[in-house]
Amino acid sequence: MEPLSPRQAQVLEFIADWIERQGIPPSYREIGEALDIRSTNGVSDHVRALERKGYLQRVGDPGSARSLRVTPQARGRLEDDRVVGIPVLGRVAAGQPILATEDREDAILVDRGLLPSSGQLFALTVRGDSMIEDGILDGDYVFVRHAETCREGEIAAVLIDGEATIKRFYRERGRIRLQPANRDMAPIYVEPGVGEVRVLGVVVGVYRRVH
């Protein structure tokens with residue numbers, strides 16, 4: 001079978017996962033919203049490419065995404081590709097912020113079914129115990145979905161003046177509160193104009209080696 005671009009592979013995997021969970025294919029709008037493809041025309045272009053390369057076929061209305069099916073050959077390839085490597089990019093504090101290196105240190109092999117169906121993922125090694133009440137322990141790896149923003153209260157990987165930490169993220173009274181999940185620790189407050197805060201991504205999973 002012809003090789004796929006990274007975006008085409010992402011669309012194919014999303015469609016296959018959706019069919020497995022929902023029993024029907026996703027619509028073009030659902031594909032676009034999940035994968036941040038802004039127009040249905042853009043989604044249609046990727047779908048047509050997957051059809052042309054033999055990964056998708058139609059069994060009904062040629063203009064509807066609901067008529068799509070994943071071909072047996074494509075399912076075989078998806079099974080072969082089911083285990084993915086999540087790059088470990090450095091370490092991050094679950095305590096006071098420490099520097100997180102951005103050099104790839106390692107990769108963790110994970111079944112794709114345990115991960116979100118969309119988004120770019122990376123892993124960080126946790127140091128510290130400020131998130132223990134959320135089940136994130138010293139020495140764990142957290143899986144982070146790359147994002148530049150997060151919702152109130154989400155557990156996020158955040159850079160503060162170039163140093164990284166894992167905390168629950170809140171905006172309040174013009175400042176940012178980074179809240180630990182350890183009753184013995186105080187939150188970190190970042191006042192406007194005092195420090196630079198940048199969201200690296202949202203924590204979507206925890207990996208722990210049991211020795």
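The values are calculated or read from the model by the stated rules, or taken from the named source; none is laboratory data. Small disclaimer: the values here were computed from a predicted structure and weren't measured. Don't worry about glycine lacking a Cβ; one is built from the backbone with ideal geometry, like all the others, and counts go over all protein chains shown.
In this structure, is PRO192 exposed (fewer than 15 other Cβ atoms within 10 Å of the Cβ), more than 19 Å from VAL92 (Cβ to Cβ) and in contact with a strand residue (DSSP E or B) (Cβ under 7 Å, 6 or more places away or on another chain)? Considered against the rule, which asks whether it is exposed (fewer than 15 other Cβ atoms within 10 Å of the Cβ), more than 19 Å from VAL92 (Cβ to Cβ) and in contact with a strand residue (DSSP E or B) (Cβ under 7 Å, 6 or more places away or on another chain), PRO192 comes out as yes. Applying the criterion of being among the β-branched types (Val, Ile, Thr) and within 18 Å of PRO180 (Cβ to Cβ) to the residues of the range 147-163, the residue that is farthest from the chain's Cα centre (by Cα) is ILE160. Taking the listed residues ARG198, ARG209, the one that is basic (Lys, Arg), under 21 Å from the mean Cα position of the chain (by Cα) and not in a strand (DSSP E or B) is ARG209, with no other qualifying.
Each residue in the range 126-149 was checked for being surrounded by 19 or more Cβ atoms within 10 Å (Cβ to Cβ) and of a type in the set (S, T, N, Q), and 1 pass.
Quick one: what pairs do we get from the range 112-127, first residue over 14 Å from VAL206 (Cα atoms) and acidic (Asp, Glu), second modelled with pLDDT under 80 and surrounded by fewer than 16 Cβ atoms within 10 Å (Cβ to Cβ), C-beta under 7 Å, 6+ apart or different chains? Pairs found: none. Scanning the range 118-142 for residues that are assigned to a loop (DSSP other than H, G, I, E, B) and modelled with pLDDT of 90 or more turns up GLY128, ASP129, SER130, MET131, GLY135, ILE136, LEU137, ASP138, GLY139, ASP140.
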